[in-house]
Amino acid sequence: MTQGRYGGPQKRRSPRYDKRFKVSLEYEGETHEIRTINISRHGIQLPRRNPPPVGSHVKLTVTIRNETSIFEGIVQRHTHCLVNGVQTIAIGIDIISPGYDEFVKDKITIS
């Protein structure tokens, strides 16, 4: 287990990578074009001023290196973060679709 931000153990299933990729986030009949804050083998963190509620099922169209794939996920958390120096809310989404892990692993350097 790796060390967390405040010196305690980090309880993540996989490390986060600060990478910016284009994502279309669909929920409640609307689509939002966003760039990721970070990405891991299990999920994505996105900025959202008006986030979908925790537990919401969402659809994500992820584009990495000119390859696009569609995945489904569940909003697991809301957090506060800085994006380009501006305080905003971020949503943590666990991806539940098969194939996401391999899609991400193949496109960015993740071991």
Taking the stretch 36-73 as the search range and keeping residues that are in contact with a strand residue (DSSP E or B) (Cβ under 9 Å, 6 or more places away or on another chain) and farther than 17 Å from Ile95 by Cβ, which one is surrounded by the most Cβ atoms within 10 Å (Cβ to Cβ)?
-> Pro47
Condition test on Leu46, is it closer than 17 Å to Lys105 by Cβ, at pLDDT 95 or above and aliphatic (A, V, I, L, M)?
-> no
For the stretch 96-105, does any single residue satisfy the condition of being under 15 Å from Lys19 (Cα atoms) and either without any contact (Cβ under 8 Å) to a residue 24 or more places away in the chain or small (Gly, Ala, Ser) (or both)?
-> no
State whether one or more residues within the stretch 63-79 are modelled with pLDDT of 95 or more, assigned to a loop (DSSP other than H, G, I, E, B) and among the aliphatic types (A, V, I, L, M).
-> no
Please enumerate the residues belonging to the stretch 80-111 that are part of a strand (DSSP E or B), surrounded by 11 or more Cβ atoms within 10 Å (Cβ to Cβ) and of a type in the set (A, V, I, L, M).
-> Leu82, Val83, Ile89, Ala90, Ile91, Ile93, Ile95
Going through the stretch 25-73 one residue at a time, which ones are in contact (Cβ under 8 Å) with a residue 60 or more places away in the chain and touching an Asp or Glu at 6+ places or on another chain (Cβ under 6 Å)?
-> Arg41
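The values are calculated or read from the model by the stated rules, or taken from the named source; none is laboratory data. Being a predicted model, the structure only gives us computed values, none of them experimental. Note that each Cβ is placed from the backbone with ideal geometry, even for glycine, and that neighbours are counted across all protein chains shown.
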